[in-house]
Amino acid sequence: MQPHTVTENHVEKNEVRAELFLNDGTAMIGSVFVRSATDTGGVDPILDLLEGADRMIPCRGESGELVFVGRSSIAAIRTAGSPPEYEASELVPMRITVDGGHRFEGVLSLPMGGPARISDLLNSAGPWLLCSDSEGDRVVWVASDRMIRSEAP
């Protein structure tokens with residue numbers, strides 16, 4: 001299925017391929033609908049979606065069906081792309097386990113001028129923590145309050 005643009009309440013949204021990992025242990029592969037980075041004021045479109053006010057997020061399943069997923073049931077979301085560019089003081093390999101038993105391996109970046117230790121970053125993270133996937137071409141937004149365990153191998 002080719003990504004396309006939809007208009008919702010006069011706001012143009014783009015369809016982005018995504019994997020949603022839910023608190024109950026299930027995962028959904030499909031698409032989510034996001035505003036452009038221009039419309040979000042430079043905020044990452046996935047973060048904008050996750051921090052929005054709507055309780056239910058419209059998604060498209062792999063077979064094209066419309067699915068509404070409760071925002072509070074999302075433990076993590078993985079999309080194609082690379083994390084935002086900023087100067088990192090240290091890149092830390094990390095394995096993260098979230099509600100539902102979903103596990104992700106990747107790299108967390110300690111931003112220059114930010115927390116000096118990985119424990120400080122994890123303890124001061126906002127509602128969503130960004131990790132680059134071990135594959136290097138995907139990012140994972142993890143709900144910080146759904147994290148069960150983080151391991152720095």
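The values are calculated or read from the model by the stated rules, or taken from the named source; none is laboratory data. Keep in mind the model is a prediction, meaning the values are calculated, not measured. A quick note on method: Cβ atoms are made from the backbone with ideal geometry, for glycine too, and the neighbour counts reach across all protein chains shown.
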The number of residues in the range 15-51 that are within 22 Å of Asp145 (Cβ to Cβ), out of contact with any His (no Cβ under 8 Å at 6 or more places or on another chain) and either in contact (Cβ under 8 Å) with a residue 40 or more places away in the chain or surrounded by fewer than 13 Cβ atoms within 10 Å (Cβ to Cβ) (or both) is 14
If you go through the range 126-143 one residue at a time, do you hit one that is farther than 19 Å from Thr79 by Cα and surrounded by fewer than 19 Cβ atoms within 10 Å (Cβ to Cβ)?
yes
Do we find that Ser63 is more than 17 Å from the chain's Cα centre (by Cα) and among the hydroxyl-bearing types (Ser, Thr, Tyr) in this structure?
yes
Having 2 or more residues that are of a type outside the set (Gly, Ala, Ser) and within 23 Å of Gly52 (Cα to Cα) is the bar; report the strands (runs of 3 or more DSSP E) wholly within the range 97-153 that clear it.
128-133, 138-143
Just checking, how many residues over the range 65-87 are in a loop (DSSP other than H, G, I, E, B), modelled with pLDDT of 90 or more and under 22 Å from Ser132 (Cα atoms)?
0
Would you confirm whether or not the range 106-129 contains a residue that is touching a residue at least 24 places away in the same chain (Cβ under 8 Å), under 17 Å from Phe21 (Cβ atoms), assigned by TED's automatic domain parsing to the domain that holds Met28 and in contact with a helix residue (DSSP H, G or I) (Cβ under 9 Å, 6 or more places away or on another chain)?
no
Answer from Arg117, Arg103, Arg149, Arg95 - the residue that is surrounded by fewer than 12 Cβ atoms within 10 Å (Cβ to Cβ) and closer than 20 Å to Gly25 by Cβ
Arg149
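A quick yes/no check of all residues on (1) in the same structural domain as Phe104 (by TED's automatic domain parsing); (2) over 19 Å from Leu129 (Cβ atoms); (3) part of a strand (DSSP E or B):
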residue: Val32; (1), (2), (3): no, no, yes
residue: Leu49; (1), (2), (3): no, no, no
residue: Ile57; (1), (2), (3): no, no, yes
residue: Ser63; (1), (2), (3): no, yes, no
